[in-house]
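Throughout, read-outs are computed from the coordinates displayed, never taken from laboratory work. The structure presented is a predicted model; accordingly, all values stated were derived computationally and were not measured. Virtual Cβ from ideal backbone geometry, glycine too; neighbours counted across all protein chains shown.
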Amino acid sequence: MSQSIFPVHWIHLTLRGDERGDLVVVESERDVDFAIRRVYFLPRTALGVARGFHAHKHLRQVLIAASGSCRILLHNGKCAYDVILDSPTKGLEVNPMMWHEMHDFTEDCVLLVLASDLYDESDYIRDFNEFLSLANPR
Ligand code: TYD
């Protein structure tokens with residue numbers, strides 16, 4: 001699969017700024033097409049640290065760099081693709097069976113994650129070879 005047809009799904013949020021500053025709204029089942037059941041954020045990632053390194057069996061998520069920027073490496077079981085999150089109005093959908101890694105956090109990065117379900121460790125696939133086997137059944 002060539003990189004140009006890698007299935008990256010973006011959500012475009014509206015900047016509702018005025019002279020006081022910026023405001024970005026995300027509405028459950030409107031701006032994202034699932035019900036948001038959990039919100040978590042990475043407000044202060046040490047320089048040089050990479051996170052993630054897993055896929056989910058069922059969970060749907062949207063990642064937003066509320067401040068600063070980071071690079072997300074996606075792998076769909078066939079090939080990898082890098083995307084840059086560098087705007088609070090760009091939401092990246094990370095759907096089930098999409099391996100994802102978070103790299104190159106800037107010092108000011110606040111990575112916001114909207115998730116379709118509560119935390120459940122049994123939904124994680126943390127071993128890349130297991131992920132490849134599940135994504136490419138014989
Ligand atoms: P982990 O998913 O390993 O972080 P990342 O993928 O970003 O590197 O989570 C780190 C720890 O936090 C781990 O012990 C699980 C816990 N955790 C929760 O308890 N609830 C949550 O919603 C999340 C995302 C993590």
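Hey, can you tell me all the residues within region 26-53 that are within 10 Å of the ligand (Cβ to nearest atom), in a loop (DSSP other than H, G, I, E, B) and surrounded by 14 or more Cβ atoms within 10 Å (Cβ to Cβ)? Matches in region 26-53: 45, 50.
Residue pairs whose Cβ atoms lie under 9 Å apart, separated by 6 or more positions or on different chains, with the first residue in region 115-130 and free of Cβ contacts under 8 Å to residues at least 12 places away in the same chain and the second more than 10 Å from the ligand (Cβ to nearest atom) and assigned to a helix (DSSP H, G or I), do not occur. Residues in region 69-123 that are assigned to a strand (DSSP E or B), away from the ligand (no atom under 16 Å from the Cβ) and under 14 Å from the mean Cα position of the chain (by Cα): 81, 82, 83, 84, 90, 91, 93. Of all residues in region 68-85, those satisfying the criterion of being in contact with a Lys or Arg (Cβ under 9 Å, 6 or more places away or on another chain), in contact (Cβ under 8 Å) with a residue 12 or more places away in the chain and over 19 Å from residue 46 (Cβ atoms) are 83, 84.
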